[in-house]
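Engineer: Before I ask anything, let me first share the structure, which is written out below as structure tokens.
Nothing in this text is a laboratory measurement; each read-out follows from the coordinates by a stated rule. Every value quoted in this text rests on a predicted model; they were computed, and no experiment measured them. Don't worry about glycine lacking a Cβ; one is built from the backbone with ideal geometry, like all the others, and counts go over all protein chains shown.
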Amino acid sequence: MSSTNANHAPSTVPASVPVNVYKTRWERAVPVFGFPVVTPFFIVLVGLAVIAFLLTSYREVVGLGPVTGMNDKFGWGIWKTFNVVVLTAWGSGAFAVGIAAWVFGRKRLHTLMRMALLTSMLAYACGLCLLGVDVGRPWNFYWVLFPWNWNVHSPMAEVAVCMSVYASIPLFLENIPPVLERLWHFDARWRPNVERVEHALHYFFPFIIALAYLLPAMHQSSLGALMLLAGDRVHPLWQSPFLPLLYVGAAAFMSFGCVAGSTMLCCLVWKRAMDMEVLDEAARITAWLIFGWMAIRLLAVLLRGALLDAFRFDRYAGIFWVEMILIGYGGWMLLQSLKTHKFRTMFLGYALSSVGGMLYRFSPTTLAYMPGPHAIYFPSTIELLIAMGFVAVGIAAFLVMVKLFAILPAPIQDWRDMAAYFKARKPYISWTKYFNFGFFGDKLPTDPTR
Amino acid sequence: MAITRRELITNIGKAGVPVAVAMTMSTVGAGTLQAEEVPVPSAPVGLLYDASLCIGCKACESACNAANDTPPDTSGDGLHQAPIDLNVFTRNIIKLYKPEDGSASSFVKRQCMHCFDPGCVAGCPFEALYKDEDTGAVRWDGGKCIGCRYCTISCPYSVPRFQWAGINPVITKCELCSHRLVKGLKPGCTSVCPVGAVIFGPRTVLLLEAKRRIKNNPGRYYQDRVYGETDNGGTQCLYLSKVPFEKLGLPELGPESVPSKSLRWQKRIYSYFALPALLYAGLVTVIRKNVKGHEQEAHEQEKETGLRAQL
């Protein structure tokens, strides 16, 4: 019976009981089953996406000025500074968690990899699509295909080339395995072909993965280098030669927050058991990334001689302290959660440090950017709606993907539960033998109690 | 013992490590990296604007509009051409600095400075903004511009302007009337100035003229200095003024250009692409080993559980 299985955990965790009493071990990605794809929340997301799509076509006709709050002083609005600069950093899980798992050999983190890869792909895809809406002359983007036309030392060229190459080649290929897996399970006749593709993919995998770490390291740092050319127009608390390094660092700890935090949230929503061993490891890495990052941040401020600016009574000092306190307190909560094993502490730690990191990534381009005495920028309603719509597309796609493909980690028992669930709910599967998941072929467990 | 193909490739790769490091390090010691990489125009021309002579008649503004075929900006009251700042119709503008304490006031003419090492050109991803090889004018190529508006941020003088309305937006900035120069005509603004406050000529001649004025009028000019002689690595448009340059919107940027100051490490790290290539090779080596181990574990688990391995 399932109760004898050490891997099995109750599907719900009472809030009053500390989570770590359950010896749950994530071993396998299992699709979310038993929950409908179309929910009220999903419909709201689709509605937002549709509104954004309609407004985008309006923007394409009338231009940027009538639709956005951007102006001659603030040439960049939230589409670039939030949806691209901030959200691709938050969605850099494929980069940061991947390096921890594949390069530094944190083997247990492999269970989070599919979440990391999916969130990264969606963050980058939505960000790049919105970038296409944001730029004024997107039809000239084909120049990205001609390297002799790149201005190689421009941070912008670096971002434009690296980001599009990364999202369309290594990140895309890294996300193929769950799709192939689904095809493999779907129909036995497809298996030889699927296996052939998988074989080829696995052969090139080290080269793809390495590229998937090199390129984000390059473009996430170049996103920081973008503001170096703005010189004194970026407040001294932010402007520093360390900006590229700090931008990569922020992407690293924020993306851990994104991957581990959203995995925890998914487990809560879809009633999955949590593997505290994996989550503890992620929290420990995140906490030390945060403290290391804060040390470099303070060093950058000191070297720049801007420490006194932090103690002025103005909004820049305020933003600086809000950032530092959010990030630092988040890191401290993560360390606390390693001792107390409280879900709430750990989740809040991820949430606070992510919000702080987002604020940090947002400041140099917007909040701490001082282009002139009377310069002011506030996003217009349409601009906000489009930005929200592109985030909504990402979340909606995520909700569909975790239900169609094996993304979320779970104990092995959950895979068997899924098979049992579908066999019970959809009897035609046993007649036709055609089923997305749970069709085990020859290796169907023979244990009659299952 | 025969060398296998794998060994050969590995050894070549190992030999590449010191080469890559050397290629990167070779640029660290070099102080004049910028001078080597930014080509100097063969015959730089420019403007000399003497703010102490300008009477603020704004004839140059409308001459600029006429020369560039842009409509006058009457957005203020619908009657007068009175732009507040440079904008998509206005490549050249006269502003007034008038301090409230009644000390010396001054007009100032703002347009592109045509830097020797322009921030906008350094930042432009696909070389849509470029420096003319002969005249050194900073020009814009609409066939390459993606409209990212990075030039509006990377220009230390905040000159380039993006057209906010319309389906085919352009970047507008003073191009030193390059279309007139090829016909042997002077830029629009210099052809109408009634007092000779702005003159056109080869930069060397303009610089001599500016220094002559400083010499002949001791104490007249701020710091007895020509703005643009060395500022931001040297600009082709030169300024003389009675009031501090910063009051006229010309920031003190120092003799080193903004791109060479701020992108120094960017350039070193990416020189010859040696360091990224080295990093990539290292990553592949480590990951290959780890992928093998991971696959093995996955297949063992597959045998154990009877469920297909997930990689």
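Engineer: Using R₀ = 41 Å, calculate the FRET efficiency as 1/(1 + (r/R₀)^6) where r is the Cβ-Cβ separation of A:ILE176 and B:VAL182; round to 0.05.
Structural biologist: The calculated FRET efficiency here is 0.15.
Engineer: Of B:LYS58/B:LYS95; B:LYS95/B:LYS215; B:LYS173/B:LYS267; A:LYS403/A:LYS423, which sit over 19 Å apart, Cα to Cα?
Structural biologist: The pairs that break the limit, which is 19 Å between Cα atoms, are B:LYS95/B:LYS215; B:LYS173/B:LYS267.
Engineer: For every other residue with a beta carbon closer than 15 angstrom to the beta carbon of B:ARG220, add +1 if it is Lys or Arg and -1 if Asp or Glu, then tell me the sum.
Structural biologist: That works out to +3.
Engineer: Over chain A, what is the relative contact order in whole percent, taking alpha-carbon pairs under 8 Å and six or more residues apart? Before the final figure, lay out the partial values.
Structural biologist: Details: 629 pairs, mean separation 146.4, N = 450.
So the answer I get is 33 percent.
Engineer: Here's a follow-up. Check which residues have an amide H placed less than 5 Å from B:CYS237's amide H, if you skip close sequence neighbours.
Structural biologist: Here the answer is B:LEU47, since their amide H atoms fall under 5 Å of that of B:CYS237.
Engineer: Same structure, new question: Could you give the DSSP H helices of chain A that reach 27 angstrom or more along their long axis (alpha carbon positions) and whose average Kyte-Doolittle hydropathy is no lower than 1.6?
Structural biologist: Span-like helices, by this rule, are A:40-62, A:243-269, A:381-404.
Engineer: A further question on this structure: Kirkwood hydrodynamic radius, region A:33-105, all distinct C-alpha pairs: what's the number in Å?
Structural biologist: 15.9 Å
Engineer: On to the next question. Checking the cross-link filter: which lysines have an alpha carbon closer than 20 Å to that of B:LYS303, excluding same-chain neighbours under 8 positions apart?
Structural biologist: Leaving aside lysines fewer than 8 places away in the same chain, those within reach of B:LYS303 are A:LYS107, A:LYS443, B:LYS292.
Engineer: Still on this model: Mean residue ellipticity at 222 nm from the helices of chain B, using -39,500 (n - 2.57) per DSSP H segment of n ≥ 4 over the full residue count, to the nearest 500 deg cm²/dmol?
Structural biologist: -11000 deg cm²/dmol
Engineer: Here's a follow-up. Roughly how big is chain A's charge dipole about its Cα centre, with Cβ charges of +1 (Lys, Arg) and -1 (Asp, Glu), in debye to the nearest 20? Can you show the working numbers first?
Structural biologist: Numbers: 35 positive and 23 negative charges, 201 e Å.
Using Cβ point charges on Lys, Arg, Asp and Glu, chain A gives about 960 debye.
Engineer: Taking the Cα-to-Cβ direction at B:ASP69 and at A:PHE35 and moving 7 Å from each Cα, how far apart do the two end points lie in nm?
Structural biologist: For the pair B:ASP69/A:PHE35, the computed spacing is 6.0 nm.
Engineer: Cα extents of region B:39-262 along the three principal axes, largest first, in whole Å?
Structural biologist: Here the spans come out as 51, 45, 37 Å, largest first.
Engineer: Using a simple spin-label model with points 7 Å from Cα along the Cα→Cβ vector, what separation in nm is obtained for A:TRP270 and A:ILE43?
Structural biologist: 2.2 nm
Engineer: Now, a different point. Express as a percent, rounded to the nearest 5, the fraction of DSSP beta bridges in region B:39-262 (both residues included) that run antiparallel.
Structural biologist: Values: 18 of 22 bridges.
Rounded to the nearest five, the antiparallel share is 80 percent.
Engineer: Let me ask you something else. Report the gain in length on full extension from A:ILE51 to A:TYR421: 0.36 nm times residue separation, minus Cα-Cα distance, nm rounded to one decimal. Each step should come with its number before you reach the end.
Structural biologist: Working: separation 370, 0.36 × 370 = 133.20 nm, distance 3.68 nm.
Length gained between A:ILE51 and A:TYR421: 129.5 nm.
Engineer: Along its three principal axes, how long is the protein assembly as shown when you only count alpha carbons? Whole Å, largest extent first please.
Structural biologist: 105, 72, 51
Engineer: At 7 Å along Cα-to-Cβ for each site, give me the label-to-label distance between B:ARG212 and A:TRP139 in nm.
Structural biologist: 5.0 nm
Engineer: So, one more: Largest first, please: the extent of the C-alpha atoms of chain A along each principal axis, to the nearest Å.
Structural biologist: Principal-axis extents of the Cα atoms in chain A, largest first: 77, 51, 42 Å.
Engineer: Show that you can apply the helix-only estimate: for chain A, add -39,500 (n - 2.57) for every DSSP H stretch of four or more residues, divide by all residues, and state [θ] at 222 nm to the nearest 500.
Structural biologist: On the way: 15 runs with 266 residues, N = 450.
Helix-only estimate at 222 nm: -20000 deg cm²/dmol.
Engineer: Also, quick follow-up: Just to verify a number: FRET efficiency for B:GLU304 and B:LEU279, C-beta to C-beta distance, R0 = 30 Å, to 0.05? Provide the component values of the computation, followed by the final result.
Structural biologist: Working: r = 37 Å, r/R0 = 1.23.
Efficiency, rounded to the nearest 0.05: 0.25.
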